[in-house]
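All remarks here apply to the structure that follows.
The values are calculated or read from the model by the stated rules, or taken from the named source; none is laboratory data. Just so we're clear, the structure is a prediction, and the values are computed from it rather than from any experiment. Heads up, the Cβs are rebuilt from the backbone with ideal geometry, glycines too, and the neighbour counts pull from every protein chain shown.
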Amino acid sequence: MDTSEIIFSGDTAGIEWRLPVLRFKGSDPKAPKIYIQAALHANELPGTALVHFLCEMLREADAAGRIRSDITIVPHANPIGASQSHFGELQGRFDLGTRTNFNRDFPLISVGDRDTLTEDLDRHGAVDRLKRQLMHMALGCDLVIDLHCDDESLQYAYIDDAFWPEAADLAAALDMEAVLLSDGESSAFEEAVGYAWKHETSEKKTQLPGKLSVTVELRGMRDVYPEMARKDAEGLFTFLAGRGGINAPVALAPFTGPAVPLDNIEMIRAPQAGTVLFHRNIGEQIEEGALLATIITRPGQPDGTIEVRAPQAGLIVTRTSARLVRRRADLMKIACGSASKAARKPGALEN
């Protein structure tokens, strides 16, 4: 395993950021090149734990001469976000300087323009330099895996239609409970990589066999445990072996969970501010009209609560950990068999 650092200056005097990068050299130049990063949202740490155990497995495979692919791993992809502590709480999702989500506003370019990402970097701010360095590394590869987590959540992934159903092997290997088929219309990291591949030629591609760019949601923020991380690492190792990156036996059961387009996701939001009392949990199949939560809007008053009910039947994929919410705060995501009647812009479900 080769370890290096990408060093770039901050936006104030005396500050510089160091981004550790781990690399394994493969034996087969025809094998798919692999890029894995974790904690782009700096406080989402299940992926960093997974990578720790995955590297242990890869070092053993490397010593035995079983690694076929060049593998690049960034265990914690956001040193800037990791430094942002506000009143004792880590703020890893948004850059406090620009209010921008660290997983938005990646450049939408053709893969042929990859090298322009790192040209004249000094004209960009630190966050944009970080994003350009990450994307430059990813676009040199064929399989790109961005490890995230949700708040309270099942194991699921956002997978562009262009990679489905070929990517069902990843869903099976990581024992996912749902797949959300994205529309490729946001500037998030995995969709920006997919955009670059789709626009390699003047005619936009709609299928990208042999390629994959995916956001994996490794359950919830608090699901950082050694047994979970090791199991997920074993699953990802199996996926890489199945794609020809590692010489290892592969036995995968088929993925049997729901795979639904983003238009079929019901975003359950709080109609008013208040204290949330949840009646249903993640992983439950619910019917249309099911009582999901009660919100105490006027504590102690006879008319001080409102009910939140399911607009249609489906699987509860995520739930907020907050119990005091603002009006229109996200409460749940429910994967459904039919499109939501709520208006939705193309792109990401959340900011």
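When 242, 235, 184, 210 are screened for being of a type in the set (Gly, Ala, Ser) and touching a Gly at 6+ places or on another chain (Cβ under 7 Å), only 184 passes. Listed by first and then second residue, the pairs linking a residue in segment 16-31 that is farther than 16 Å from residue 138 by Cβ and of a type in the set (D, E, K, R) to a residue that is at pLDDT 95 or above and not in a strand (DSSP E or B), with Cβ atoms under 8 Å apart and 6 or more places separating them unless they lie on different chains, are 18/79; 25/70; 28/68; 28/69; 28/244. Quick check on residue 54: is it touching a Leu at 6+ places or on another chain (Cβ under 7 Å), aliphatic (A, V, I, L, M) and either outside the structural domain of residue 217 (by TED's automatic domain parsing) or crowded, with 18+ Cβ neighbours inside 10 Å (or both)? Criteria met by residue 54.
The set of residues from segment 84-100 being more than 17 Å from residue 128 (Cβ to Cβ) and among the hydroxyl-bearing types (Ser, Thr, Tyr) comprises just one member, 85. The set of residues in segment 223-269 that are within 30 Å of residue 29 (Cβ to Cβ), in contact with a strand residue (DSSP E or B) (Cβ under 8 Å, 6 or more places away or on another chain) and part of a helix (DSSP H, G or I) comprises 232, 236, 237, 240. Among the residues of segment 45-83, the one identified as closer than 20 Å to residue 138 by Cα and acidic (Asp, Glu) is 70. The criterion of at least 2 residues that are of a type in the set (D, E, K, R) is met by the following strands (runs of 3 or more DSSP E) wholly inside segment 270-333: 305-309. Looking at 246, 265, 286, just one residue is within 22 Å of residue 182 (Cα to Cα) and touching a residue at least 40 places away in the same chain (Cβ under 8 Å), and that residue is 265.
The requirement of being surrounded by 11 or more Cβ atoms within 10 Å (Cβ to Cβ), assigned by TED's automatic domain parsing to the domain that holds residue 267 and among the acidic types (Asp, Glu) is satisfied by residue 330. In contact with a Gly (Cβ under 9 Å, 6 or more places away or on another chain), in the same structural domain as residue 177 (by TED's automatic domain parsing) and surrounded by fewer than 19 Cβ atoms within 10 Å (Cβ to Cβ) - does that describe any residue in segment 130-142? Scanning segment 130-142 turns up no residue that is in contact with a Gly (Cβ under 9 Å, 6 or more places away or on another chain), in the same structural domain as residue 177 (by TED's automatic domain parsing) and surrounded by fewer than 19 Cβ atoms within 10 Å (Cβ to Cβ). For residue 314, are the conditions met, namely being of a type outside the set (Lys, Arg) and out of contact with any helix residue (DSSP H, G or I) (no Cβ under 9 Å at 6 or more places or on another chain)? No, not satisfied.
Considering segment 81-111, the residues that are assigned to a helix (DSSP H, G or I) and of a type outside the set (Val, Ile, Thr) include one that is surrounded by the fewest Cβ atoms within 10 Å (Cβ to Cβ), namely 82.
Can you tell me which residue in segment 39-77 is farthest from residue 104 (Cα to Cα), limited to those that are of a type in the set (Asp, Glu) and part of a loop (DSSP other than H, G, I, E, B)? Within segment 39-77, the match that is farthest from residue 104 (Cα to Cα) is 70. Restricting segment 13-32 to residues that are surrounded by fewer than 17 Cβ atoms within 10 Å (Cβ to Cβ) and within 20 Å of residue 247 (Cα to Cα) leaves a set whose member that is nearest to the chain's Cα centre (by Cα) is 23. When each of 239, 255 is tested for being in contact with a helix residue (DSSP H, G or I) (Cβ under 7 Å, 6 or more places away or on another chain) and surrounded by fewer than 22 Cβ atoms within 10 Å (Cβ to Cβ), the lone residue that passes is 255.
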